[in-house]
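Beneath this line is the structure, given in structure tokens, with notes to follow.
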Amino acid sequence: MTYVGRFAPSPTGDLHLGTLTAAVASFLHARQANGSWLVRIEDIDPPREIAGSAESILKSLEALDLEWDGDVLYQSTRLNRYLALAHELVATGQAYYCDCSRQQIRSLTGSTRYPGTCRDKALTSGDTAIRLRSDEGVTAFLDRLQGSVERDTESTDGDFVIVRRDGLPAYHLAVVLDDAEQNITDVVRGVDLLDSTPLHIALQRRLGLRTPRYWHIPLVTDTAGEKLSKRAGAAAIDQAHPEKAAAAALELLGLAVPPDLVGARPKTLWQWAKQQWQIEGLTRVERN
């Protein structure tokens with residue numbers, strides 16, 4: 001099976017070192033396998049998006065010589081596809097409409113777990129979300145870096161949202177469908193998304209879709225040990241000096257650039273790094 005990887009940023013700000021490091025890990029792993037590397041812009045959450053950031057992210061990738069295959073996929077162009085699938089799940093009884101607010105759920109359970117309040121209400125579309133019936137129990141899988149993972153999605157999450165009350169598809173539904181229809185074989189991403197993966201696998205199994213291999217890499221953190229993020233004010237990549245950002249990302253991935261390549265163009269650094277890359281060497285992250 002031909003390797004197909006992907007990098008799927010949300011356009012909520014400029015590319016920064018934390019996101020770049022995940023992109024480089026995904027890129028190197030795909031290129032080492034002589035596979036394809038796709039770019040997807042996950043722009044289905046307008047309230048969080050920043051105008052122009054999608055274009056800025058792509059320009060940064062270009063400046064860094066991170067050359068992707070094929071056309072960029074924008075999730076915003078596929079809204080009808082996601083919603084059609086959600087409505088099919090409702091029609092077959094695998095999902096249902098729900099008018100509960102987050103505040104109501106917390107008041108009932110003291111947590112974010114959904115207790116199934118609307119399962120048997122037979123609500124129709126309107127000011128409602130769509131939830132998938134979560135009857136799978138424990139979802140187990142092998143993460144190629146973090147080891148065996150188990151999550152009882154029914155008792156931990158309950159029936160989870162696949163379409164939000166504002167009518168937009170939820171991340172879980174969109175990412176699962178896109179990965180399947182883009183034939184993604186391997187997902188290399190940050191360990192902060194590890195807890196979402198059992199939900200994705202549960203949905204893949206419900207839909208009869210193939211499950212990719214997952215590789216959750218350690219996060220880049222700041223001096224306080226917090227995840228480096230746009231929300232926390234992480235600095236944007238300097239597009240005028242991409243070689244510095246490329247070298248910094250490689251160092252965070254355990255590949256210190258040799259003296260004779262210091263200052264080289266990113267493309268040269270990627271060619272060198274592809275020969276050195278060993279994803280299994282990344283430090284595992286302890287999970288609670």
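The table for this structure:
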| read-out | value |
| --- | --- |
| Tally of residues being under 17 Å from the mean Cα position of the chain (by Cα) and under 18 Å from Ala180 (Cα atoms) across the range 45-77 | 5 |
| Sole exception among (1) surrounded by fewer than 20 Cβ atoms within 10 Å (Cβ to Cβ); (2) within 23 Å of Asn80 (Cα to Cα); (3) touching a helix residue (DSSP H, G or I) at 6+ places or on another chain (Cβ under 9 Å) for Arg40, by number | (1) |
| Any hit, the range 200-209, residues being more than 17 Å from Gln75 (Cβ to Cβ), modelled with pLDDT of 95 or more, in contact with a helix residue (DSSP H, G or I) (Cβ under 6 Å, 6 or more places away or on another chain) and assigned to a helix (DSSP H, G or I) | yes |
| The listed residue being on the phi < 0 side of the Ramachandran plot and touching a Cys at 6+ places or on another chain (Cβ under 9 Å), out of Val191, Val161, Val220 | Val161 |
| Residues satisfying the stated conditions in the range 68-86, i.e. surrounded by 13 or more Cβ atoms within 10 Å (Cβ to Cβ) and either free of Cβ contacts under 8 Å to residues at least 12 places away in the same chain or β-branched (Val, Ile, Thr) (or both) | Val72 |
| Filtered residues of the range 14-66 (kept if outside any helix (DSSP H, G or I), more than 20 Å from Tyr171 (Cα to Cα) and either among the hydroxyl-bearing types (Ser, Thr, Tyr) or free of Cβ contacts under 8 Å to residues at least 24 places away in the same chain (or both)) | Ser36, Gly52 |
| The range 114-124, subset of a type outside the set (D, E, K, R) and over 25 Å from Gln204 (Cβ atoms), residue surrounded by the most Cβ atoms within 10 Å (Cβ to Cβ) | Thr117 |
| Test: residue in the range 118-129 that is modelled with pLDDT of 95 or more and in contact with a Gly (Cβ under 7 Å, 6 or more places away or on another chain) | no |
| Residues located in the range 95-113, provided they are surrounded by 15 or more Cβ atoms within 10 Å (Cβ to Cβ) and either outside any helix (DSSP H, G or I) or touching a helix residue (DSSP H, G or I) at 6+ places or on another chain (Cβ under 6 Å) (or both) | Ala95, Tyr96, Tyr97, Cys98, Cys100, Arg113 |
| Among residues of the range 177-191, those that are part of a helix (DSSP H, G or I) and either among the polar types (S, T, N, Q) or surrounded by fewer than 16 Cβ atoms within 10 Å (Cβ to Cβ) (or both), counted | 1 |
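The values are calculated or read from the model by the stated rules, or taken from the named source; none is laboratory data. Since the model is a prediction, treat every value here as computed from it, not as a measurement. Glycine gets a Cβ as well: all are built from the backbone with ideal geometry, and neighbour counts include every protein chain shown.
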